[in-house]
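Beneath this line is the structure, given in structure tokens, with notes to follow.
The values are calculated or read from the model by the stated rules, or taken from the named source; none is laboratory data. None of the values given here were measured: they were computed from a predicted structure. So basically every Cβ, Gly included, is an ideal-geometry build from the backbone, and we count neighbours across all protein chains shown. Ligands, DNA and RNA are stripped out before the accessible areas are found, and what is left, the full protein with its side chains, is counted by its heavy atoms. Shrake-Rupley method; radii C 1.70, N 1.55, O 1.52, S 1.80 Å.
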Amino acid sequence: MSSSNLVCQIQTNQLMLCGRMNKHNALELWQQRELLLQNLSDTMDGSTLKFELTQLKEIDSAGLATLIAVIRFIKQKVQPNTIQLDMVGANQQLIDLAEISGINNLFPL
């Protein structure tokens, strides 16, 4: 999945988000959630799914809300307690936004 500002790449046990995720393109990720889940399922060979955020240059509250919704969607669709989600490489903007929103305890950044 890609747009001019957001690129989503899937590798074995990894979902990599690159670019900008904001009110202008966050909906695209949500609309592709079923396809993402299918592609992730096809590449999973373990019990940990890593969200690679190192290349995510910008995220706003709409992007954060979409990221949380996608994480929740994946957790609901995958057998509970069979997959661990790890967030890797969150930038300071995402960490600050999560803290301000009071959701930094929902997933490790």
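Side notes on the structure shown:
- Of the solvent-accessible surface of region 43-109, computed with a 1.4 Å probe and all protein chains present, 48% belongs to carbon and sulfur.
- Neighbourhood net charge (13 Å Cβ-Cβ; Lys/Arg +1, Asp/Glu -1) for F73: +3
- For the chain, the Cβ-based charge dipole about the Cα centre amounts to some 180 debye (Lys, Arg positive; Asp, Glu negative; other atoms uncharged).
- Annotation: amide H-H contacts under 5 Å for Q14 (H modelled 1.01 Å from N, sequence separation of 5 or more, or interchain): K50.
- Cβ-based net charge around N13, under 13 Å, with every Lys or Arg adding one and every Asp or Glu removing one: -3
- Residue-normalised accessible area of the chain, given per residue in Å² at a 1.4 Å probe: 55
- For D96, the shell of other residues with beta-carbons less than 14 Å away shows a net charge of -3, using +1 for Lys and Arg and -1 for Asp and Glu.
- Phi-based couplings in Hz for region 42-58 (Karplus 6.51, -1.76, 1.60; Gly and Pro marked x): 5, 9, 6, 9, x, 9, 10, 10, 9, 8, 8, 10, 4, 8, 7, 7, 8
- Residues whose amide H comes within less than 5 Å of that of K57, counting only those at least five positions distant or on another chain, are G19, R20 (H built at 1.01 Å from N in the peptide plane).
- Our coupling estimate for region 95-102, obtained by passing each phi through the Karplus curve with A = 6.51, B = -1.76, C = 1.60 and θ = phi - 60°, is 4, 5, 4, 5, 5, 4, 7, x Hz, Gly and Pro reported as x.
- For T12 and I95, the FRET efficiency from 1/(1 + (r/R0)^6), where r spans their Cβ atoms and R0 equals 22 Å, is about 0.25.
- In the chain, Cα pairs under 8 Å separated by at least six residues give a relative contact order of 28 percent.
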